[in-house]
1. Can you run down the residue pairs with Cβ atoms below 8 Å, 6 or more apart or on separate chains, where the first is in the stretch 143-159 and assigned to a helix (DSSP H, G or I) and the partner is of a type in the set (Phe, Trp, Tyr) and open to solvent by 40 Å² or more (accessible area, probe 1.4 Å)?
2. Restricting attention to the stretch 80-137, which residues are aromatic (Phe, Trp, Tyr) and surrounded by fewer than 16 Cβ atoms within 10 Å (Cβ to Cβ)?
3. Report, by residue number, each residue of the stretch 268-300 that is open to solvent by 20 Å² or more (accessible area, probe 1.4 Å), outside any loop (DSSP other than H, G, I, E, B) and either of a type outside the set (Gly, Ala, Ser) or under 21 Å from Tyr196 (Cβ atoms) (or both).
4. Mind checking which residues of the stretch 180-237 are within 24 Å of Ala96 (Cβ to Cβ), surrounded by 16 or more Cβ atoms within 10 Å (Cβ to Cβ) and among the polar types (S, T, N, Q)?
5. Of all residues in the stretch 223-250, how many are touching a strand residue (DSSP E or B) at 6+ places or on another chain (Cβ under 9 Å) and more than 25 Å from Gln115 (Cα to Cα)?
6. How about the stretch 138-167: which of its residues are open to solvent by less than 10 Å² (accessible area, probe 1.4 Å) and not aliphatic (A, V, I, L, M)?
Amino acid sequence: MSEALYVRRSLQYLSDQLAQRGHTACPTTVAALLEDQGYRLRVNVKRLTGPYHPDRDRQFHHLGMWVDLFREEGWPILSIDSKKKELVGNFANAGAAWLHEPYQVNAHDFLSDAQYRVAPYGLYDVLANQGHVIVGTSSDTPRFAAEAVARWWARIGSHRYRGAGALLLLADGGGSNGYRPRLWKKSVQELLADRYDLVVTVCHYPTGASKWNPVEHRLFGPISTNWAGVPLRSPAVVLGLLRGTMSATGLRVSAEWWERPYARGVKVPAAEMRDLHIQPHEVCPQWNYTITPRGSEQWN
């Protein structure tokens, strides 16, 4: 109840305080006594996801139903998301690496010193346990996100899943591929459904549940481990570390560099939205919808 509650107590500090009270104990002894009492040095645990959304369980059940359906049919399931932005240059990278000597990097992470500020967009193929990352040098916009998915389908998905006429996308509720941006839905319509005559079903994870998106722990986790402690000094280093990512479960990752510019703040008027072939699902329609090719007989 005193101000001492807010004082950081190091082992040496506690040892000195005990000595002032006539109890001699070195810092090592203090550490042993604390452990006996159940104390440990602990870091904060990110576990609280904010207010509980009333439709959270319904959405997880609905999303799981679609995943099971596509898995049974052997149709592609793609988990997508943007990784945090990275500065390409001689900057410190979190983590540690086995080296004779540490990398000498810049003391400050100034954007002006960077060659690029990149937005890695991850695409994880759930059935194949394969990842693909498109490293964009422009803004992380809904158009960029949709084009990344379209490039994956053109280069990888359409060959891996020959004859499949449907694609399931698992996405977070927010960000460039969130359920709110109109440009995301318009771009999926144009770049995927219309261009490849593909029926695209999109299921978004509920608010605060992005950690359950497979791309987070099955692709981004191994990537972060692989390049931990290594400065991302050039595009070649970034792509090399991405392509070198693998896991004991058989994960392999391909990657490409993408320098196309994308404008931010693009607005899609309501009239254009009405022209899209979007069919909201009965369950949580704000988070689940299917986009069919324009002219398709499936559209009513």
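1. Taking only residues 6 or more apart or on different chains, the pairs are Ala150/Tyr196; Trp153/Tyr196; Ala154/Tyr196; Ser158/Tyr196.
2. As a first pass, look at the stretch 80-137 and keep what is aromatic (Phe, Trp, Tyr): 91, 98, 103, 110, 116, 121, 124.
Trp98, Tyr103, Phe110, listed by residue number.
3. First, the residues of the stretch 268-300 that are open to solvent by 20 Å² or more (accessible area, probe 1.4 Å): 269-275, 277-283, 285-286, 294-300.
Still in the list and also outside any loop (DSSP other than H, G, I, E, B): 270-274, 278-280.
Across the stretch 268-300, the qualifying residues are Glu272, Met273, Arg274, Ile278, Gln279, Pro280.
4. Hit for the stretch 180-237 is Asn226, nothing else.
5. 2
6. Step one: of the stretch 138-167, the residues open to solvent by less than 10 Å² (accessible area, probe 1.4 Å) are 141, 144-146, 148-150, 152, 157, 167.
Result: Thr141, Phe144, Trp152, Gly157.
The values are calculated or read from the model by the stated rules, or taken from the named source; none is laboratory data. Owing to the predicted nature of the structure, the values given are computational and were not obtained by experimental measurement. For neighbour counting, all protein chains shown are included, and Cβ atoms are generated from backbone atoms with ideal geometry for every residue, glycine included. Note: areas computed on protein heavy atoms with side chains; ligands, DNA, RNA excluded. Shrake-Rupley method; radii C 1.70, N 1.55, O 1.52, S 1.80 Å.
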